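The values are calculated or read from the model by the stated rules, or taken from the named source; none is laboratory data. Note that the coordinates shown come from a computational prediction; the quantities given were computed from them, not determined experimentally. Cβ coordinates were reconstructed from backbone atoms using ideal geometry, including for glycine residues, and neighbour counts include every protein chain displayed. The area values use the complete protein model at the heavy-atom level, side chains included, leaving out ligands, DNA and RNA. Shrake-Rupley method; radii C 1.70, N 1.55, O 1.52, S 1.80 Å.
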Amino acid sequence: MSDSPQARLAQLDVTGDLAADMAVGVDRRARQLRLMLRAVALTTASVAVLEVAAGFIYRDSRAVGLGLAAFGYGGLVAYLTACIESIGRDRVVARVAALTLALLATATIVEPSLAPAMAIAALLPGVLVLPFLGTRQVSRTLLAAGVVGIGSVVAGGLLPGDGGLPPEVTKLIAFVTLVVSYVFLLVFLWEVSRRLKTTADDLRSIIAMSNDLARTMDPQLVGDRIARHIGQAVGATDCALSYWDRPADRVVTLGYFPPERRNVLAPSYALADYPATRVVLERSRPAIIDTADPAADRNEVAYLETIHQQSMAIIPLIAAGTTIGTLELTSDRRGAFGPRDVEMATMLASEAAMALENARLYDAIRHQALHDGLTGLANRALFRDRVGRALDRSRGRDGHPFAILFIDLDDFKRLNDTLGHARGDDVLVAVARRVEDSLRPTDMAARLGGDEFAVLLDDIADEELALSIAIRLADELRQPIRLGDTSPAIAASIGVALSGTDVRETADDLLRNADVAMYAAKASSRGRAEVFRSTYRAEAAARSELAARLRGVEQRGELRLDYQPIVELVGGAVVGLEALVRWQPPDRPLLMPGQFIDLAEETGDIVPMGQWILRESCRQLREWQLRLGMPDLQVSVNLSARQFREHDLVKSVRTILAETELPPASLILEITESGLMQRTDGTINTLAELRALGTHLAIDDFGTGYSSLSYLERFPVDSLKIDRSFIAGMSASADRPAIARAIVELGRTLGLKIVAEGIEERDQADWLISLGCPYGQGYLFSRPMGVDATEAFLAADATRRVQQRGSHEDDGDSVGPAAPGRKAAGRRTSPLRLVSGE
């Protein structure tokens, strides 16, 4: 719609005219007062002329004087009425009342026969000042009127009543004066009663609206009730209550009366299309639009025509001095709204604006309490409430089955640490939008916290349908997210729980079931979905019990360490040991790391466990160094990603080395590749501090994570461990893994020591030797062993090396690495034994 200068000027003219009309409406009582005062002046002058004429005819000087006094009174009243704008309404009313009482007292003294009429007329000033003056002035006027009235009655009985006028003339003048006084008294009383009735009606409307609004804080209901009360009070056909959305520069409809015609008005509209409404909002002044007015804004007229209305009054809603919206009153009659209607609507709007603003603030606070601040989705409290309601409906006569999806993003913490928390928040927002876009209008999405989301699928009774929806959602979430110059790929594990599996189930039970199913999905096929099974609950209970028993396991002496040798591939000499933890509960079989380490990582128990492992392995190694005379023997200890993030890691390592008196160079700290890639800047600083202690650093399972060569070059590490997945299954006839070859070449280029894990066959060791890989570990050399078996293994290896040294000295042969491709067996005089520590 256009917003031409001519249209804006026309609207300003309309608004200016309405302002003038409002001023006239506000001063309407003054105009009515002027009319009454002029009537008093004219009537008094007429009676004065009658009195003067009678005085001249009958040569009565008192009658002439009284008539002239009355004529002068009428002139003064006319003058004061003409000057009411400059003098002021209240002052004019007070002066007229005083002049009236003075004239009445004079008339009673001059013409005692007029005393009854003067006693009645003495009531006029008291009635006149009631609507205009303050309480104190009204009291004074009423007191003076009482004195004059009573004095007139007394004077009429005491003073001689004979004069120059014939009795019949005197009676006529007294009668005319009495009738005029009585008529004016009735008129004044009628005007006062009318104003009191109008005021009472206004007050009743305000009280009725206030009482109605006090029953709810819902903005929609508050808006509808305000529109109904104000529309009925001013006789409007329709009444719309709207809120000004300043940031969006739009007007949003909150209430409408009658409610069945709500659809005639758009839920919101841009202010740019309706300049007249903008003027009302910006200037906080009402406006009247009429289709018959050629100067009216064309856009507003077009709007009225579309809703089949002829006139409209736009009233600003002002709360705490700020315009917050508009009240639009429309009618199917032209010229339906006058100053009185606008005045009434404005008065009611001022009361309604605060109620509306309070309701909006309450709704905003309630929304914040029940919705996630980052994504805008429902939070856990609201979601749990909706699930409870869905359960109640599902148990009804008709039955409404439903399903719950529990969504957990895979490896989100790693993504959050890698990209930063700001980008992590962007990912969560994008995930929320994708989840919402994938749902039906009857479904509900929520963010339960962190990277956990939930979905309530309404009217879902089929397990296959619920699972297919979950899988489709998982596929949608797997798509890369575009965030500026990066496109991180995410995945989600989804658990599905259906209602109706147990008549006693609660909302918490369903959420727990979906959570358990999500963990089953995460364990079976990451990024996919699983439907809850009763067996999952038993597994979850067992996992929860195991987590509870993990707490303090190192203090109860239930942990033990096994050691697996790390050997030179050429010659087979033991150069180090890798410490491997086992858990021996008193009432259960021995548990391997894969059965509890991940759980300890989740619960945080890995931190005290890791300190125990580090201290015990350092103590045991130092004991072997001294007892077996092997000062160069090293021990490798794995650090979990959780341990590596501890702020006091360096201090703990320093303290343990000091307590055990182990040379720092004898300790090799291993951390996984994925663990190193979290918080890379902080990781480099921590690695540098550990290196400064004199310890050696190794990257475990290298090649299985998302390696970054730029970071690898910056990491102050000493060695790389080739993951067993690149070695296992390789035989003489199999294809040689290209990644293993690349890792060896990379290590040689960067000057790093390379250790191959998982060597089980002689052919694997020979191939690694041919690549130039110097060290390895695996079942080919030894299984992990307990303390006693490890000590025996080390002693045997020390003896073998002494024997080899003596043999070489006798043969005059030097000890050195085998040439590439030569069989190590040909170099051995005493092959290693396969020892089991289990």
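Given the options A523, A514, name the one that is aliphatic (A, V, I, L, M), without any contact (Cβ under 8 Å) to a residue 60 or more places away in the chain and within 30 Å of R478 (Cα to Cα). First the steps, then the outcome.
Working: A514 fails: without any contact (Cβ under 8 Å) to a residue 60 or more places away in the chain.
From the options A523, A514, the qualifying one is A523.
Give, as residue ranges, the helices (runs of 4 or more DSSP H) completely inside region 78-159 that count at least 3 residues that are surrounded by 19 or more Cβ atoms within 10 Å (Cβ to Cβ). Step through it out loud before you land on a result.
Working: elements: 84-87, 89-110, 115-121, 123-129, 135-158.
Where helices (runs of 4 or more DSSP H) fall fully within region 78-159 and carry at least 3 residues being surrounded by 19 or more Cβ atoms within 10 Å (Cβ to Cβ), they are 89-110, 115-121, 123-129, 135-158.
With the requirement that a residue be of a type in the set (V, I, T) and either out of contact with any strand residue (DSSP E or B) (no Cβ under 8 Å at 6 or more places or on another chain) or within 22 Å of V264 (Cα to Cα) (or both), what does region 297-356 give you? Lay out the reasoning, then the answer.
Step one: of region 297-356, the residues of a type in the set (V, I, T) are 301, 306-307, 314-315, 318, 322-324, 326, 330, 342, 346.
Of everything in region 297-356, those that are of a type in the set (V, I, T) and either out of contact with any strand residue (DSSP E or B) (no Cβ under 8 Å at 6 or more places or on another chain) or within 22 Å of V264 (Cα to Cα) (or both) turn out to be V301, T306, I307, I314, I315, T322, T326, T330.
Pick from F383, F412: which is buried (at least 18 other Cβ atoms within 10 Å of the Cβ), touching an Asp or Glu at 6+ places or on another chain (Cβ under 9 Å) and under 24 Å from R472 (Cα atoms)?
Details: F383 fails: touching an Asp or Glu at 6+ places or on another chain (Cβ under 9 Å).
Residue meeting the stated conditions: F412.
Could you check region 589-607 and list, in sequence order, the residues that are of a type outside the set (V, I, T), within 26 Å of Y779 (Cα to Cα) and open to solvent by 10 Å² or more (accessible area, probe 1.4 Å)?
If we filter region 589-607 for residues that are of a type outside the set (V, I, T), which is where we start, we get 589-596, 598-602, 604-605.
Narrowing further to those that are within 26 Å of Y779 (Cα to Cα): 589-596, 598.
Across region 589-607, the qualifying residues are P589, L590, L591, M592, P593, G594, Q595, D598.
What number of residues within region 648-659 are in contact (Cβ under 8 Å) with a residue 24 or more places away in the chain and open to solvent by 20 Å² or more (accessible area, probe 1.4 Å)?
Here is the first cut: in region 648-659, the ones in contact (Cβ under 8 Å) with a residue 24 or more places away in the chain are 649-650, 652-654, 656-657, 659.
Those still in the list that are open to solvent by 20 Å² or more (accessible area, probe 1.4 Å) too: 652, 654, 659.
Residues that pass the stated criteria total 3.
Answer yes or no as to whether A240 is of a type in the set (G, A, S) and crowded, with 22+ Cβ neighbours inside 10 Å. Give the derivation first.
Details: of a type in the set (G, A, S): yes; crowded, with 22+ Cβ neighbours inside 10 Å: yes.
Spelling it out, A240 is indeed of a type in the set (G, A, S) and crowded, with 22+ Cβ neighbours inside 10 Å.
Which condition from (1) buried (at least 17 other Cβ atoms within 10 Å of the Cβ); (2) among the β-branched types (V, I, T); (3) closer than 21 Å to A352 by Cβ is the one that V252 breaks?
With (1) buried (at least 17 other Cβ atoms within 10 Å of the Cβ); (2) among the β-branched types (V, I, T); (3) closer than 21 Å to A352 by Cβ applied to V252, the lone miss is (1).
Of everything in region 240-293, what is modelled with pLDDT under 85 and part of a helix (DSSP H, G or I)? Give them in sequence order.
P259, E260, R261, R262, N263, V264
Looking only at residues in region 748-775 that are acidic (D, E), surrounded by 16 or more Cβ atoms within 10 Å (Cβ to Cβ) and out of contact with any Asp or Glu (no Cβ under 9 Å at 6 or more places or on another chain), which one is nearest to D723 (Cα to Cα)?
Going residue by residue through region 748-775, those that are acidic (D, E) are 757, 760-761, 763, 766.
Going one step further and asking which of them are surrounded by 16 or more Cβ atoms within 10 Å (Cβ to Cβ), we end up with 757, 760-761, 766.
With out of contact with any Asp or Glu (no Cβ under 9 Å at 6 or more places or on another chain) added as a condition, the list becomes 760-761, 766.
Values: E760: 13, E761: 16, D766: 17 Å.
That would be E760.
Name the residues in region 478-489 that are at pLDDT 85 or above and in contact with a helix residue (DSSP H, G or I) (Cβ under 6 Å, 6 or more places away or on another chain), would you?
I481, the sole residue that qualifies.
Kindly check whether there is at least one residue in region 54-63 that is within 16 Å of T108 (Cα to Cα) and open to solvent by 20 Å² or more (accessible area, probe 1.4 Å).
Yes.
Out of all the residues in region 354-361, is one or more within 29 Å of the chain's Cα centre (by Cα), surrounded by fewer than 18 Cβ atoms within 10 Å (Cβ to Cβ) and closer than 16 Å to V252 by Cβ? Steps first, answer last, please.
Restricting attention to region 354-361, the residues satisfying the condition of being within 29 Å of the chain's Cα centre (by Cα) are 354-361.
From what's left, surrounded by fewer than 18 Cβ atoms within 10 Å (Cβ to Cβ): 354, 358, 361.
Remaining after also requiring closer than 16 Å to V252 by Cβ: 361.
Looking for residues that are within 29 Å of the chain's Cα centre (by Cα), surrounded by fewer than 18 Cβ atoms within 10 Å (Cβ to Cβ) and closer than 16 Å to V252 by Cβ, one finds at least one in region 354-361, hence yes.
Sort out which residues of region 513-552 are open to solvent by 60 Å² or more (accessible area, probe 1.4 Å) and touching a helix residue (DSSP H, G or I) at 6+ places or on another chain (Cβ under 8 Å), and write them in order of number.
Y519, R528, R533, R537, E539, R543, R551
Which fully enclosed helices (runs of 4 or more DSSP H) of region 695-796 have 2 or more residues being at pLDDT below 85 and more than 21 Å from D562 (Cα to Cα)?
Because the criterion is at least 2 residues that are at pLDDT below 85 and more than 21 Å from D562 (Cα to Cα), the helices (runs of 4 or more DSSP H) in region 695-796 that meet it are 709-714, 738-750.
Report yes if some residue within region 419-437 is modelled with pLDDT under 80 and either of a type in the set (A, V, I, L, M, F, W, C) or closer than 19 Å to A466 by Cβ (or both); otherwise report no.
Yes - at least one qualifying residue is present in region 419-437.
Considering each of V429, V496, V435, V455 in turn, give the residue that is open to solvent by 20 Å² or more (accessible area, probe 1.4 Å) and β-branched (V, I, T). Steps first, please.
Details: V496 fails: open to solvent by 20 Å² or more (accessible area, probe 1.4 Å); V435 fails: open to solvent by 20 Å² or more (accessible area, probe 1.4 Å); V455 fails: open to solvent by 20 Å² or more (accessible area, probe 1.4 Å).
Among V429, V496, V435, V455, only V429 is open to solvent by 20 Å² or more (accessible area, probe 1.4 Å) and β-branched (V, I, T).
If we keep just the residues of region 310-328 that are open to solvent by less than 10 Å² (accessible area, probe 1.4 Å) and farther than 20 Å from D245 by Cα, which is farthest from the chain's Cα centre (by Cα)?
S311
State all residues of region 565-588 that are open to solvent by 40 Å² or more (accessible area, probe 1.4 Å), modelled with pLDDT of 90 or more and within 50 Å of the chain's Cα centre (by Cα); if no residue qualifies, say none.
Within region 565-588, the first condition is being open to solvent by 40 Å² or more (accessible area, probe 1.4 Å), and the residues that meet it are 568, 584, 586-588.
Filter once more, so that each one left must be modelled with pLDDT of 90 or more: 568, 584.
Residue satisfying the conditions is Q584 alone.
All but one of (1) open to solvent by 40 Å² or more (accessible area, probe 1.4 Å); (2) within 19 Å of A302 (Cα to Cα); (3) touching an Asp or Glu at 6+ places or on another chain (Cβ under 7 Å) hold for V264; state the number of the condition that does not hold.
(3)
Pairs under 6 Å by beta carbon, first residue closer than 15 Å to V637 by Cβ in region 601-624, partner assigned to a helix (DSSP H, G or I) and of a type in the set (K, R), six or more apart or different chains?
Between residues of region 601-624 that are closer than 15 Å to V637 by Cβ and residues that are assigned to a helix (DSSP H, G or I) and of a type in the set (K, R), the close pairs are I606/R642.
Starting from residues that are among the acidic types (D, E) and part of a helix (DSSP H, G or I), keep the ones in region 461-496 and report whichever is nearest to L511 (Cα to Cα).
To start, the set of residues in region 461-496 that are among the acidic types (D, E) comprises 462-464, 475-476, 485.
When the remaining residues are screened for being part of a helix (DSSP H, G or I), the result is 463-464, 475-476.
On the way: E463: 16, E464: 19, D475: 22, E476: 23 Å.
Looking at the filtered set, the residue picked out is E463.
Only residues that are in contact (Cβ under 8 Å) with a residue 12 or more places away in the chain and at positive phi: list them for region 305-324, please.
Within region 305-324, H308, A320 meet the criteria.
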